[in-house]
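Q: My questions all concern the structure below.
The values are calculated or read from the model by the stated rules, or taken from the named source; none is laboratory data. Worth saying up front: this structure is predicted, and the values here are computed from it rather than measured. FYI the Cβ positions are ideal-geometry reconstructions off the backbone, even for glycines, and counts take in every protein chain you see. Heavy atoms of the whole protein, side chains included, go into the accessibility calculation; ligands, DNA and RNA do not. Shrake-Rupley method; radii C 1.70, N 1.55, O 1.52, S 1.80 Å.
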Amino acid sequence: MRTPRGTGASTCGGAGGHRNDEDTFKILVATDIHLGYLEKDPVRGNDTFVTFNEILDHAQKNEVDFVLLGGDLFHDNKPSRKTVHSCLESLRKYCMGDRPVQFEILSDQAVNFHYSKFPWVNYQDENLNISIPVFSIHGNHDDPTGADALCALDILSCAGLLNHFGRSTSVEKIDISPILLRKGRTKIALYGLGAIPDERLYRMFVNKQVTMLRPKEDEDSWFNLFVIHQNRSKHGATNYIPEQFLDDFINLVVWGHEHECKIAPFQNEQQRFYVSQPGSSVVTSLSPGEAVKKHIGLLHVKGKKMKMEKIALETVRTFHIEDIVLADHPELFNPDNPNVTQAIQAFCMEKVELMLDTAERERLGNPRQPEKPIIRLRVDYAGGFEPFSVHRFSQKYMHRVANPKDIVHFFRHREQKEKKDIDLNFGKLVSRPAEGTTLRVEDLVKQYFQTAEKKVQLSLLTERGMGEAVQEFVDKEEKEAIEELVKFQLEKTQRFLKERRTDAVEEKIDEEVRKFRESRKKNTEEEDKEVREAMIRARAHRSEDEVLVAASSDEDSMDIEMTGTSNPSDGLSSTLSRGRGRARGRARGARGQNSTARGSSRRGRGATSQESASGSRSYKPVSGPGKNMSIMDAFRSSKTDRSSNSFQSYSEDIIDVDSDPEDTSFVPPSSKINQRLPTMSSLSKRGSQSQASRGVDFESDEDDPFMSPATTRRTK
């Protein structure tokens, strides 16, 4: 086992050196840094990078033992090169050096970092010189995705600049194994759980599928620190994680994802542990919670005792928000007054000027703070008022605020009919997703189908599955997610109907499909597996497309000389070359032909005449349901399989060169294709198939080396 550099050294040197430092952990705690947020904005583009440097600078000056991040280090799941470069630059500048690390790891690191190719903490790597280790879980913005389930933190981990932990890929059971740390006589069990969809994790907690493992030796001597990145405030029935779900042996919970800074530890009266919510270090939503002063925490742990020291961030752009209810000022605004809109605009300008003056006074005491503040004025114009032009209003503050396009936000609050209270108070307003809360895509999908008309209701798919697929499509750019989910659930439904031997009557099929759908909705675990498997298929399909595109581009760049072989006894060479020329001439959309089916009949340049003979056939595999294949089509195809099998071998061998392309009516199954296709270059085969599937415009007929001039003229 690798021995940590610096382990066993006497005390921590420098200005912070004390006699008791050998037993005290000093941990810098931060969450939700969101590197790369608004990076293309000319004013706010560098805010996240400047604040991240300030956080690491505090860690270096305070000589902390390690930095603990609670998720969402990056704002985007696929950060730009500028964002990744800036992050690497900061970590290398502040976290690498000769200062020895004073703590050691006692747990099995192969378990803590089992998904990494380098399953040990970075400061124990003999090829690296780490002075401040960084431990981080992933958040919902930078969670693992793609065919290999990688995230941006894995890049930093592979580079040796960060230790990514708390990762769980199972949807059936989660075992959280702690990283066991020891410094002198103080021992910390560091637990971590990266972001998981809240509904899924909620259900797993209810079903007792989440287990936090504890050390067998001296359980009560460990300070148990848990890092989590989930909804803490209730956004729905199961769209959050109650604190009561967590085990009561935990001493401190560092809660990420919530952006409001509540870093002072607050004790849960029922479970008796403390919860610290550091909040974000950058303003990402114009809501009241973001206006709270931003802090990071310096956590001191000695034995079972702890102390959280708040450190105010000085480089965070100031944010001021204020609410106005026009109905609360009847002496100023009368809806019947024709000039009331101008009066409202003047009142709003006065409010904005007051907020700008307040922001300027705060900035005078802190020269490191950005010059232009963020200003938000929310105006409730219910009661017969009309909003003024926000864009024209914003033009007056283009050079004074950082967010000129969204200074003023108009909305109308609708009072509940059963309450006759006229006074409007923003503390009693009905929560609106547009301000302050994050509205998720799957919630929108579920809400849409719950309120949609009956004719557009889902009859085969479930709202949950469709919502997950749309979420993958929007957030993770999985372009095949929705299509693969539809295909997967269609195949499963067809198998179910065939196993039940349902009659091919539309009414009976609809009834069976409805029952099958209801059973899937009740079995949420099975539905989660379906969605997960469909997403894996979508990622694999995307990876395969990338390989095919690469192979196609390689094929086009190669100049291969091949000699054609023909058998003069059967005369197939000239006939098939002629037939191939006609197919190429008509494959560009004449007579409404399917470009994909026709495109698959053309092979890459340099193929032999024997290969072009097999390439002139147009095949359509039927081993699985096609994209446009309905349930009724599946029943019809299963009944006609027996009758069509007797003609398969005969139809494969007959090629009518002079027949019209529209007369093609038989498509052999994929099982026969694999037996009868001659061997050819895998590169050429895969490249041409990729071009056909993507509808690529093929080269002109003049480039075909197998066509005679007469055939070319005839084809044209």
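Q: With 20 Å as the limit, write out which pairs from Lys26/Lys187; Lys82/Lys262; Lys61/Lys310 have Cα-Cα distances beyond it, or answer none.
A: Long pairs (Cα-Cα over 20 Å): Lys82/Lys262.
Q: Additional query: Multiply the residue gap between Glu491 and Glu362 by 0.36 nm, knock off their C-alpha separation, and tell me the result in nm, one decimal place.
A: On the way: separation 129, 0.36 × 129 = 46.44 nm, distance 6.24 nm.
Separation in residues times 0.36 nm, less the Cα-Cα distance, equals 40.2 nm.
Q: Right, another one. Quick one: grab the alpha carbon gyration tensor of the stretch 31-179, order the square roots of its eigenvalues as a ≥ b ≥ c, and give me rounded if a/c is under 1.5, else prolate or oblate depending on whether a/b is larger than b/c.
A: Note, shape of the stretch 31-179 comes out oblate.
Q: Quick one: which of 190-198, 95-103 comes out on top by average Cβ neighbours within 10 Å, and what's the full order, highest first?
A: Answer by packing, highest mean first, reads 190-198, 95-103.
Q: Shifting gears a bit: Just to confirm, what accessible area per residue do you get for the stretch 219-265 at 1.4 Å probe, in whole Å²?
A: 36
Q: What distance in nm separates the simple spin-label points at Glu219 and Ala159, each placed 7 Å from Cα in the Cβ direction?
A: In this crude spin-label approximation the distance works out to 4.2 nm.
Q: Accessible area per residue for the stretch 96-204 in Å², computed with a 1.4 Å probe and the full protein assembly in place, what is it?
A: Result: 36 Å² of accessible area for each residue.
Q: Also, I was wondering about something else. Sort 122-131, 363-372 for me by packing, meaning the mean count of neighbouring Cβ atoms within 10 Å per residue, highest on top.
A: 122-131, 363-372
Q: If you don't mind, there's one more thing I want to ask. Please work out the average accessible area per residue across the stretch 277-355, using the 1.4 Å probe convention, and give it in Å².
A: Ligands and nucleic acids excluded, the result is 44 Å² per residue.
Q: Could I have the simple spin-label model distance between Ser285 and Asn337, label points 7 Å from Cα toward Cβ, reported in nm to one decimal?
A: Distance between the two pseudo-spin positions: 3.6 nm.
Q: I've got another one for you. For a 32 Å ceiling on Cα separation, which of these pairs sit above it: Lys216/Lys294; Lys78/Lys372; Lys117/Lys529?
A: Lys216/Lys294
Q: Quick one: net charge around Arg232, please, counting Lys, Arg +1 and Asp, Glu -1 for every other residue with C-beta under 12 Å from its C-beta.
A: In short, -2.
Q: Follow-up question, since we're still on this one. From Cα pairs below 8 angstrom and at least 6 apart in sequence, can you work out the relative contact order of the stretch 53-190, rounded to a whole percent?
A: For the stretch 53-190, the relative contact order is 31 percent.
Q: Carbon and sulfur together cover what percent of the accessible area of the stretch 250-379 at a 1.4 Å probe radius? Before the final figure, lay out the partial values.
A: Working: 2900 of 5880 Å².
Carbon with sulfur: 49 percent of the solvent-accessible area.
Q: Sticking with this one: Tell me the label-point distance for the pair Gln244, Val206, using the 7 Å Cα-to-Cβ offset, in nm and rounded to one decimal.
A: 1.4
Q: Let's test the formula: R0 of 51 Å, r as the Cβ-Cβ distance of Val390 and Lys515. What FRET efficiency results, to the nearest 0.05? It would help to have the intermediate numbers written out before the result.
A: Working: r = 52 Å, r/R0 = 1.01.
For Val390 and Lys515, the calculated efficiency is 0.50.
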